[in-house]
1. So if I check each of 397, 410, 445, which one is closer than 30 Å to residue 465 by Cα, surrounded by 22 or more Cβ atoms within 10 Å (Cβ to Cβ) and touching a helix residue (DSSP H, G or I) at 6+ places or on another chain (Cβ under 6 Å)?
2. Of 267, 230, which residue is in contact with a helix residue (DSSP H, G or I) (Cβ under 9 Å, 6 or more places away or on another chain), closer than 28 Å to residue 440 by Cβ and surrounded by fewer than 22 Cβ atoms within 10 Å (Cβ to Cβ)?
3. Taking region 117-147 as the region of interest, how many residues are surrounded by fewer than 17 Cβ atoms within 10 Å (Cβ to Cβ) and assigned to a loop (DSSP other than H, G, I, E, B)?
4. Considering every residue within region 24-41, establish whether at least one is in contact with a helix residue (DSSP H, G or I) (Cβ under 8 Å, 6 or more places away or on another chain), modelled with pLDDT under 90 and outside any helix (DSSP H, G or I).
5. Could you tell me whether any residue of region 70-82 is out of contact with any strand residue (DSSP E or B) (no Cβ under 8 Å at 6 or more places or on another chain), part of a strand (DSSP E or B) and modelled with pLDDT of 80 or more?
6. Is region 368-390 home to any residue that is under 15 Å from residue 452 (Cβ atoms) and outside any helix (DSSP H, G or I)?
7. Among (1) in contact (Cβ under 8 Å) with a residue 60 or more places away in the chain; (2) closer than 26 Å to residue 235 by Cα; (3) in a helix (DSSP H, G or I), where does residue 211 come up short?
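The values are calculated or read from the model by the stated rules, or taken from the named source; none is laboratory data. Here the structure is a predicted model, which is why all the values come from computation and not from measurement. Note that we place each Cβ from the backbone using ideal geometry, even for glycine, and neighbour counts take in every protein chain shown.
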């Protein structure tokens, strides 16, 4: 059973419900239950959200308390709502029996991985390895341990921030073994068991897993159709008092939204007033498919350097196999990170660091080629969706690696299960919710070659046409790897 979390007011819940009544007064309680159920499945009412008192909700809608009671009773019977004397009523997701089978290719199908949003290596990676090989003799004479990271790489990462208008010295950079490692280090520094961490809803699944791995509690704030609910984030920071906030403001994973300059100023002010460290994941910042990343909105670190910790990575821009990420923070935070790092590791692989340093010597030509290729793949995927899944809705992403699709029914997990019989490996929408939900959504990456994308969407259309009904599952049942 989910522990009660943040509270939603009757007025705000009424706004989320919108025009919920469809069949007249006799079916009012069923309509209300259905509307609340949809908010849960879509992730807009996360598990743990405390509902307003029946009297408050009856006044906000407005309807009779009898109708409210009947609707909540129906949701309790389904396991979507739980109550306890003295604690009130809150959203709770039940366990189910529908599971995702292991990632094993099936007879007669080549398995297409539609779960990982990770492109292959840039062509220049092999050349960079050749260049580094010639430098290895001088490196082999040294001990090979760099807790901060190799000086060459730190200098070039710092220079990239300078180009984006963020004054940065190499002393403000800590090289890590990927952005996931960077987040784990940051969580270990800032949080302890039972501490709360504000997250977007939906959010990156591996980040949610990292938060839970340190026994912290994710506090989700639902995103709107157009992006961030900044007043909602401000309210959550006041009410929940989280130890840190984790956000992806550049081509958000999975929605692909990008926070504009005005919104960034407001978010920086919110974090500063709340005195809450703002951990900003910039893993996808280089993948602006409609423009130049250097011309985009200001980096959050340029607006609130005193509270922002930035995570970066080469995994999406260059190659995930390098396993190189970094943290940009104040010198004081860097000192604290390094003082605790030896309990985790003694530094990242030197060869991989030197390879990335070589790639960052002149990164823009290869990154422009990467963005052009991804933009073409994006268009292929969208054309296929319009042809084979015409009732699904999506917004053309301006950057990033995937399309966030709204389905015509809450069947995301059922589609992911059936898709394996057609050689498709999908991450259901529930993987992107702090406590499940998002059964009306699928994230579809466009990192595969065009021919593979066309085949994948054709198979997906067949799957979508065969799936009927709805289903709820436990988080454990859908924990397939994503990236």
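1. 410
2. Within the list 267, 230, the selection yields 230.
3. Of the residues in that region, 12 qualify.
4. no
5. Looking for residues that are out of contact with any strand residue (DSSP E or B) (no Cβ under 8 Å at 6 or more places or on another chain), part of a strand (DSSP E or B) and modelled with pLDDT of 80 or more, one finds none in region 70-82, hence no.
6. Checked against the condition, which is being under 15 Å from residue 452 (Cβ atoms) and outside any helix (DSSP H, G or I), region 368-390 yields no hits at all.
7. Tallying (1) in contact (Cβ under 8 Å) with a residue 60 or more places away in the chain; (2) closer than 26 Å to residue 235 by Cα; (3) in a helix (DSSP H, G or I), residue 211 fails exactly one: (1).
Condition check ((1) farther than 24 Å from residue 266 by Cα; (2) surrounded by 21 or more Cβ atoms within 10 Å (Cβ to Cβ)) across all residues:
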site: 297; (1), (2): no, no
site: 302; (1), (2): no, no
site: 307; (1), (2): no, yes
site: 319; (1), (2): yes, yes
site: 322; (1), (2): yes, yes
site: 326; (1), (2): yes, yes
site: 334; (1), (2): yes, no
site: 338; (1), (2): yes, no
